Amino acid sequence: MEYPEKLQEIVQLFEHLPDEEKRESLVSYSLTTKNFEPKDGEKFDLEDVRKDEECADTVGVFLQVDGKGRSHFRMTLGPQVQTLTKAMAAILCKGLEGVTPNAVMELASDFVPKIVGAQLVRVRSQTTYYILSRMKGICKVWSDRKRASSTSSS
């Protein structure tokens, strides 16, 4: 399966690690989430901040689509958000940087077990896919609004 280039690099990094090293690498990624928070003065096309039933705290997903149609994601994560969710937020923000919203929506989720390992996927299945589903959702809303505005201006 072919993934966006930056995500492919991350998948390749994790893919062949033993489970213990995968967990250590996930913890390291979870510590980088501050790098993906909105910066002062940043403007976004869409902001989706909420607490869902399947998450321990509030998660904010922020989407900016530049003039070339590329996505730029930012995240805010409440203090109770689990380490695995934080790690996936950092991995996906980094791995999907510059990818079109359509490519995000069409992205197969089969890379997730390659990153987190089959056992963590089984134990924490909702958590492992949560951030990806939120990112796909905000891209869908953006895409639907863009389509609606282009048909109404025609």
>> Given the options Leu96, Leu46, name the one that is under 11 Å from the mean Cα position of the chain (by Cα), on the phi < 0 side of the Ramachandran plot and aliphatic (A, V, I, L, M).
In response: Leu96
> Do we find that Leu77 is in contact with an Asp or Glu (Cβ under 8 Å, 6 or more places away or on another chain) and not hydroxyl-bearing (Ser, Thr, Tyr) in this structure?
Replying inline: yes
>> Residue under question is Phe62, and the condition is that it be in contact with a Cys (Cβ under 8 Å, 6 or more places away or on another chain) and closer than 18 Å to Thr32 by Cβ; does it hold?
In response: no
>> Of everything in region 61-75, what is under 15 Å from Val141 (Cα atoms) and free of Cβ contacts under 8 Å to residues at least 24 places away in the same chain? Give them in sequence order.
In response: Gln64
> Out of region 3-12, which residues are surrounded by 14 or more Cβ atoms within 10 Å (Cβ to Cβ), part of a helix (DSSP H, G or I) and not basic (Lys, Arg)?
Replying inline: Leu7, Gln8, Ile10, Val11
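Quick note: the coordinates plus some simple rules give every number you see, no bench work behind them. These figures come from a predicted structure and were not determined experimentally. Note that we place each Cβ from the backbone using ideal geometry, even for glycine, and neighbour counts take in every protein chain shown.
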